[in-house]
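J.: Have a look at this one.
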Amino acid sequence: MIARWKVLFAICAGLFALLPQLHAQTPAVPPSTDGAALTEDIVIGSRVLADFGVLDGFGHVSARDPKNPNHFLMSRSLAPALVTADDIMAFDLDGNAIDPRGRSVFLERFIHSEIYKARPDVMAVVHTHSPGVIPFSVSQMPLRPVYHNAAFLAAGTPVWDIRKDFGETNMLVRDGARGKSLAEALGDKPVVLMRGHGDVTVGPSIKMAVFRAYYTDVNARLQSQAVLLGGEVNYLTPGEGAKADAVNFVVLDRIWGLWKMRVAPKAQ
């Protein structure tokens, strides 16, 4: 009997020793190319940001078409909280609707088209008029990460001033030239602030771009509170930011699942 238990123990020990190797050999799940899933993410992202007040009647969420990188998907001109799957349209990288069918389109779609044109790595773009962020776009105070969820801000947050290149305007990115100027200001960063207007966040997925849009606003509010307390604010360092942001990618689906549950009944 003792000998039999020794054999079983040895077999179990061997299996446990192999687990790390088996895990390492498990193929990574490739990015989804499911058009329906991508459309759902645009709808969920739009409604989540509206629900949190990061978007109001204005602002928009888009995604590069995984089947055609020269196209992107975005809602027709509609308040984000009202977006449904039937409202999603395809556009080319010049901002032209592929099949408009008489539907109105966002005036500032060139924010999206020019960023996709300039940044092949970007798979999603969010434009908001985030209330928390606006003060940082018009003051000399740079937006910096005060906690780990906004770690991506440690890469830097440039501010784009439309007046610098285009004089006194209506503040809207209404053509390709203005969109290109904004994309150049964004550079290789995940976020760019727009003076007196809002911000743009980008990412390798809709989930990450929405995550960044939400936590950019949250961080801006927290930073404002920290500054008002007085004294020197202890921000995340670039090294801390890079390490913390890597974790954000790992746990992203946890928060996305919660957000989806928050708005799903309204999205039917």
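J.: Hey, can you grab everything whose amide H is under 5 Å from the amide H of HIS71? Only 5+ residues off in sequence or another chain; H modelled, so Pro and N-termini drop out.
T.: ASP65
J.: Which value, in Å², gives the accessible area per residue of the chain when a 1.4 Å probe is used on the protein heavy atoms?
T.: 52
J.: Calculate, in nm to one decimal, what ALA36 and PHE249 gain on full extension: separation in residues at 0.36 nm each, minus their alpha carbon distance.
T.: Values: separation 213, 0.36 × 213 = 76.68 nm, distance 2.25 nm.
Gain in length upon complete extension: 74.4 nm.
J.: I need the P(r) histogram for segment 84-223: all alpha carbon pairs, bin width 10 Å from 0 out to the longest distance, whole percents.
T.: Bin by bin from 0 Å, the calculated values are 12, 43, 33, 11, 1.
J.: Still on this structure, please answer the following. For all pairs of alpha-carbon atoms in the chain, what percent lies in each bin of width 5 Å, listed from the first bin to the last filled one?
T.: Going from the shortest bin to the longest, the percentages are 1, 6, 12, 16, 17, 15, 11, 7, 4, 3, 2, 2, 2, 1, 1, 0, 0, 0.
J.: Tell me the angle of helix 109-118 to the major Cα principal axis of the chain, expressed in degrees between 0 and 90 and rounded to the nearest ten.
T.: That helix lies at roughly 60 degrees to the long axis.
J.: Quick one: putting +1 on the C-beta of Lys and Arg, -1 on the C-beta of Asp and Glu, what dipole do you get for segment 168-268 around its Cα centre, in Debye to the nearest 20?
T.: 460
J.: Over the chain, what is the relative contact order in whole percent, taking alpha-carbon pairs under 8 Å and six or more residues apart? Please list the in-between numbers first.
T.: On the way: 438 pairs, mean separation 55.0, N = 268.
So the answer I get is 21 percent.
J.: Just to confirm the filter: which GluC sites (Glu not before Pro) across segment 127-232 are DSSP coil and have at most 12 other Cβ within 10 angstrom of their Cβ?
T.: Passing sites in segment 127-232 are GLU168, GLU232.
J.: Next question, about the same structure. So how much accessible area does ASP92 have, in Å² to the nearest 10, using a 1.4 Å probe?
T.: My reading of the accessible area for ASP92 is about 40 Å².
J.: I need the calculated FRET efficiency for the pair ALA97 and ARG221, taking r as the beta carbon distance and R₀ as 45 Å, to the nearest 0.05.
T.: The value I calculate is 0.80.
J.: From the helices alone, meaning DSSP H stretches of at least four residues, give me the mean residue ellipticity at 222 nm for the chain, per-run term -39500 (n - 2.57), in deg cm²/dmol to the nearest 500.
T.: The per-residue figure over the chain is -15000 deg cm²/dmol.
J.: A further question on this structure: Would you calculate the convex hull of the Cα atoms in segment 149-268 and tell me its volume per residue in Å³? Numbers along the way, then the final one.
T.: On the way: hull volume 19.0 nm³, N = 120.
It is 158 Å³ per residue.
J.: Enumerate by residue number the trypsin sites (Lys or Arg not before Pro) in segment 41-146 meeting two conditions: DSSP loop (anything except H, G, I, E, B), and at most 12 other Cβ atoms within 10 Å of the site's Cβ.
T.: Within segment 41-146, the qualifying trypsin sites (Lys or Arg not before Pro) (loop, at most 12 other Cβ atoms within 10 Å) are LYS67, ARG101.
J.: Quick one: pull the percent of accessible area on the chain belonging to carbon and sulfur, 1.4 Å probe, ligands and nucleic acids left out.
T.: The C+S portion of the solvent-accessible surface of the chain is 60 percent.
J.: While we're here: With +1 on each Lys and Arg Cβ and -1 on each Asp and Glu Cβ, and nothing else charged, work out how big the dipole of segment 85-217 is about its Cα centre, in Debye to the nearest 20.
T.: Charge dipole of segment 85-217: 240 debye, to the nearest 20.
J.: Going through the cross-link list LYS207/LYS243; LYS180/LYS207; LYS117/LYS189; LYS67/LYS260, which pairs have a Cα-Cα distance over 22 Å in this structure?
T.: With Cα atoms farther than 22 Å apart: LYS180/LYS207; LYS67/LYS260.
J.: Just to confirm the filter: which chymotrypsin sites (Phe, Trp or Tyr not before Pro) across segment 89-184 are DSSP coil and have at most 16 other Cβ within 10 angstrom of their Cβ?
T.: TYR147
The values are calculated or read from the model by the stated rules, or taken from the named source; none is laboratory data. Keep in mind the model is a prediction, meaning the values are calculated, not measured. So basically every Cβ, Gly included, is an ideal-geometry build from the backbone, and we count neighbours across all protein chains shown. SASA here: full protein model, heavy atoms, side chains in, ligands and nucleic acids out. Shrake-Rupley method; radii C 1.70, N 1.55, O 1.52, S 1.80 Å.
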